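K.L.:
Take a look at this one; I'll ask things after.
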Amino acid sequence: DVKVTQSSRYLVKRTGEKVFLECVQDMDHENMFWYRQDPGLGLRLIYFSYDVKMKEKGDIPEGYSVSREKKERFSLILESASTNQTSMYLCASSPTGLSNEKLFFGSGTQLSVL
Amino acid sequence: QKEVEQNSGPLSVPEGAIASLNCTYSDRGSQSFFWYRQYSGKSPELIMFIYSNGDKEDGRFTAQLNKASQYVSLLIRDSQPSDSATYLCAVNDGGSQGNLIFGKGTKLSVKP
């Protein structure tokens, strides 16, 4: 089975802190994604990557950056956390080819910014 | 703005009944359609996908697609309390990147 592992299940940070959310997948997938999920707003795409060292902005990239130095690892960075970034963050991966839209999600990180 | 619309629910059905979940989408270029199930406090998991007009059956689940009407649905037969979850409809962006656009989900409650 595909396993997508997010480093923390719950995280509490202070306003202005730099926050790193880590995601690792073990199925050699080329594509990796970061979403946030908020009540009433659904899943929104922050950033995605189709290859090592490659990144593309999603629908809501403001206030975030990403890093993909290795194929299996995709990190989301909040340069200066703000309270409106309190959310559930979900990492996902998918293979290329015909199945490239079938996303496999990690268990999520509930981030609270105080 | 490409959109995927779902009734937020909650949709309540008795155990053993058929649950019908509906979704409409705005992008006529979309070619791939997905249903994800998300239990409370858990992450979404893919349960069905459909690419062609018509019905696709997998066990108790049937996905239905009508591209002309830009409509996709999920039927759950013999609903069980364990089916109680939020169901997310997702549609691929018909643009070059092909990312998924998610609906906000329909919460289903199956009453014993």
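The values are calculated or read from the model by the stated rules, or taken from the named source; none is laboratory data. Just so it is clear, the structure is predicted and the values come from calculations on it, not from any experiment. Cβ coordinates were reconstructed from backbone atoms using ideal geometry, including for glycine residues, and neighbour counts include every protein chain displayed.
K.L.:
Report, by residue number, each residue of the range A:61-75 that is closer than 25 Å to A:Val113 by Cα and more than 12 Å from the chain's Cα centre (by Cα).
P.N.:
Selection gives A:Glu62, A:Gly63.
K.L.:
Looking only at residues that are touching a residue at least 24 places away in the same chain (Cβ under 8 Å), more than 30 Å from A:Ser8 (Cα to Cα) and surrounded by 17 or more Cβ atoms within 10 Å (Cβ to Cβ) in the range B:28-56, which one is farthest from the chain's Cα centre (by Cα)?
P.N.:
For the range B:28-56, the residue satisfying everything is B:Ser30.
Residues are listed down the side, and each one gets a yes or a no for (1) more than 30 Å from B:Asn7 (Cβ to Cβ); (2) hydroxyl-bearing (Ser, Thr, Tyr); (3) at pLDDT 95 or above:
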site: A:Glu17; (1), (2), (3): yes, no, yes
site: A:Arg36; (1), (2), (3): no, no, yes
site: A:Val52; (1), (2), (3): yes, no, no
site: A:Tyr64; (1), (2), (3): yes, yes, yes
site: A:Ala81; (1), (2), (3): yes, no, yes
site: A:Tyr89; (1), (2), (3): no, yes, yes
site: A:Thr96; (1), (2), (3): yes, yes, no
site: A:Gln110; (1), (2), (3): no, no, yes
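K.L.:
While we're on this one: From the set of residues in the range B:1-14 that are in contact (Cβ under 8 Å) with a residue 40 or more places away in the chain and under 17 Å from B:Ile101 (Cα atoms), which is surrounded by the fewest Cβ atoms within 10 Å (Cβ to Cβ)?
P.N.:
Only one residue tops the list, namely B:Glu3.
K.L.:
Of the conditions (1) without any contact (Cβ under 8 Å) to a residue 60 or more places away in the chain; (2) more than 9 Å from chain B (Cβ to nearest Cβ), A:Glu79 fails just one. Which one is it?
P.N.:
(1)
K.L.:
A further question follows. Within the range B:68-82, can one find any residue that is at the interface with another protein chain (Cβ under 9 Å from one of its Cβ atoms), surrounded by 18 or more Cβ atoms within 10 Å (Cβ to Cβ) and touching a Pro at 6+ places or on another chain (Cβ under 9 Å)?
P.N.:
Within the range B:68-82, not a single residue is at the interface with another protein chain (Cβ under 9 Å from one of its Cβ atoms), surrounded by 18 or more Cβ atoms within 10 Å (Cβ to Cβ) and touching a Pro at 6+ places or on another chain (Cβ under 9 Å).
K.L.:
Could you tell me how many of the residues in the range B:93-112 are part of a strand (DSSP E or B), out of contact with any helix residue (DSSP H, G or I) (no Cβ under 8 Å at 6 or more places or on another chain) and over 22 Å from A:Pro39 (Cα atoms)?
P.N.:
Of the residues in that region, 0 qualify.
K.L.:
Here is a check on your reading of the model: is A:Phe48 farther than 30 Å from B:Pro10 by Cα, within 11 Å of chain B (Cβ to nearest Cβ), in contact (Cβ under 8 Å) with a residue 12 or more places away in the chain and under 12 Å from the mean Cα position of the chain (by Cα)?
P.N.:
Considered against the rule, which asks whether it is farther than 30 Å from B:Pro10 by Cα, within 11 Å of chain B (Cβ to nearest Cβ), in contact (Cβ under 8 Å) with a residue 12 or more places away in the chain and under 12 Å from the mean Cα position of the chain (by Cα), A:Phe48 comes out as yes.
K.L.:
Can you tell me which of (1) surrounded by fewer than 19 Cβ atoms within 10 Å (Cβ to Cβ); (2) aliphatic (A, V, I, L, M); (3) in contact with a Ser or Thr (Cβ under 7 Å, 6 or more places away or on another chain); (4) not in a loop (DSSP other than H, G, I, E, B) is the one B:Ala17 doesn't meet?
P.N.:
(4)
K.L.:
Take A:Met88 and decide whether it is more than 22 Å from B:Asn92 (Cα to Cα), within 13 Å of chain B (Cβ to nearest Cβ), touching a residue at least 12 places away in the same chain (Cβ under 8 Å) and aliphatic (A, V, I, L, M).
P.N.:
yes
K.L.:
Look at B:Gln70 and say whether it is on the phi > 0 side of the Ramachandran plot and touching a residue at least 12 places away in the same chain (Cβ under 8 Å).
P.N.:
yes
K.L.:
Another question about this same structure. Can you tell me which residues in the range B:63-112 are of a type in the set (Val, Ile, Thr) and over 11 Å from the mean Cα position of the chain (by Cα)?
P.N.:
B:Ile101, B:Val110
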